[in-house]
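What follows is a single structure, written as structure tokens, with notes after it.
The values are calculated or read from the model by the stated rules, or taken from the named source; none is laboratory data. Quick caveat, the model's predicted, so the values are computed rather than measured. Every residue, glycine as well, gets a Cβ built from its backbone with ideal geometry; the counts of neighbours run over all protein chains shown. The protein model used for the area step is the full one, side chains on, heavy atoms only, and it has no ligands, DNA or RNA in it. Shrake-Rupley method; radii C 1.70, N 1.55, O 1.52, S 1.80 Å.
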Amino acid sequence: MAYGDNVDPKNRVVAIVLVGLFTALLGYGLVNGLNISIVKKIAEKLDVVDVEEPPPPEEPPPPPPPDNKLPPPPPVVTPPSVFPPPNTSNQVQSVPTPPPAPPIMTPIAAPPAPPPTPDMSAPGKPRGNPGNWASPDDYPARALREERQGTTGFRVSYDASGKPTGCDVTSSSGHADLDDLTCKLMMRRARFTPAKDRAGHPAGSSYSSRVKWQIPK
């Protein structure tokens, strides 16, 4: 039961009226400067009822459980599954193989060059006096009668033994019989010391010269 249900309604109205009267007198006294003792005397005459609040009722104990019903069993807590750490002792870790180092190229010294072979080459040369290979006694009779004269240039080729192998007219005398006679005489009479190659071996070559055909006086 609440505290308000135990108080008489008449006393409640009287208390409210007295409190309102006391509040009005107190305000009036403060405004008009009344003696505080008058306020105290009026306050002592007020019939104030002190109401004690009853203690709260005690809660009834819980009813006992029925005989045929047992208390629920305590909850079963399952421990979390603990897996052993992986065994890394048997695992093979692949290690990248570094690329092979490039082979070291050791420069090989070139063998020393052989000493240069001495040059033993030499030009060929005529044997004897080339002026005797053609003489005025070889003058053709018809050319002598006709008094034909001229100079024939020639080139004689020879082999490694120095013997002529060919003759060419390089410049004509103006007379075919004189030019033909010149090469015939060279092939018959000319002889040469053969030329030599770089190693000193005999080698063929050529010889060039001129024959002047002139009627003797």
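Working only within region 144-195, note down all residues that are closer than 16 Å to PRO130 by Cβ and of a type in the set (Lys, Arg).
ARG155, LYS163, LYS184, ARG188, ARG189, ARG191
Residues of region 187-217 being in a loop (DSSP other than H, G, I, E, B), open to solvent by 80 Å² or more (accessible area, probe 1.4 Å) and modelled with pLDDT under 95, which ones?
To start, the set of residues in region 187-217 that are in a loop (DSSP other than H, G, I, E, B) comprises 190-191, 194, 197-201, 204, 214-217.
Add one more test, that the residue is open to solvent by 80 Å² or more (accessible area, probe 1.4 Å), and what stays is 191, 198, 201, 214, 216-217.
Result: ARG198, HIS201, GLN214, PRO216, LYS217.
Just checking, how many residues over region 186-217 are charged (D, E, K, R) and in contact with a helix residue (DSSP H, G or I) (Cβ under 7 Å, 6 or more places away or on another chain)?
Taking region 186-217 first, the residues charged (D, E, K, R) are 188-189, 191, 196-198, 210, 212, 217.
Now narrow it down to the ones that are in contact with a helix residue (DSSP H, G or I) (Cβ under 7 Å, 6 or more places away or on another chain): 189.
Number of matching residues: 1.
Filter region 186-214 for residues that are farther than 30 Å from PRO118 by Cβ and of a type outside the set (Phe, Trp, Tyr) and give the result.
Just the residues of region 186-214 that are farther than 30 Å from PRO118 by Cβ, to begin with: 186-190, 209-214.
Residues satisfying the conditions are MET186, MET187, ARG188, ARG189, ALA190, SER209, ARG210, VAL211, LYS212, GLN214.
Exactly one condition in (1) modelled with pLDDT under 90; (2) not in a loop (DSSP other than H, G, I, E, B) is false for VAL156; which is it?
The failed condition is (1).
Open to solvent by less than 90 Å² (accessible area, probe 1.4 Å), of a type in the set (Gly, Ala, Ser), in contact (Cβ under 8 Å) with a residue 24 or more places away in the chain and outside any loop (DSSP other than H, G, I, E, B): is that true of ALA143 in this structure?
yes
Under 15 Å from TYR207 (Cα atoms), free of Cβ contacts under 8 Å to residues at least 12 places away in the same chain and open to solvent by less than 80 Å² (accessible area, probe 1.4 Å): is that true of GLY153 in this structure? Break it down into steps so the answer makes sense when it comes.
Details: under 15 Å from TYR207 (Cα atoms): yes; free of Cβ contacts under 8 Å to residues at least 12 places away in the same chain: no; open to solvent by less than 80 Å² (accessible area, probe 1.4 Å): yes.
No, not satisfied.
Residue by residue, here is whether (1) closer than 23 Å to ILE215 by Cβ; (2) surrounded by 14 or more Cβ atoms within 10 Å (Cβ to Cβ) holds:
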{"position": "ALA109", "(1), (2)": "no, no"}
{"position": "GLN149", "(1), (2)": "yes, yes"}
{"position": "ASP159", "(1), (2)": "no, yes"}
{"position": "PRO164", "(1), (2)": "no, yes"}
{"position": "ALA176", "(1), (2)": "yes, no"}
{"position": "LEU185", "(1), (2)": "yes, yes"}
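Could you say which residue among PRO123, PRO71, PRO85 is at pLDDT 75 or above and open to solvent by 100 Å² or more (accessible area, probe 1.4 Å)?
From the options PRO123, PRO71, PRO85, the qualifying one is PRO123.
May I ask you to verify whether ASP168 is open to solvent by 40 Å² or more (accessible area, probe 1.4 Å), of a type in the set (D, E, K, R) and not in a loop (DSSP other than H, G, I, E, B)?
On the way: open to solvent by 40 Å² or more (accessible area, probe 1.4 Å): yes; of a type in the set (D, E, K, R): yes; not in a loop (DSSP other than H, G, I, E, B): yes.
It is true that ASP168 is open to solvent by 40 Å² or more (accessible area, probe 1.4 Å), of a type in the set (D, E, K, R) and not in a loop (DSSP other than H, G, I, E, B).
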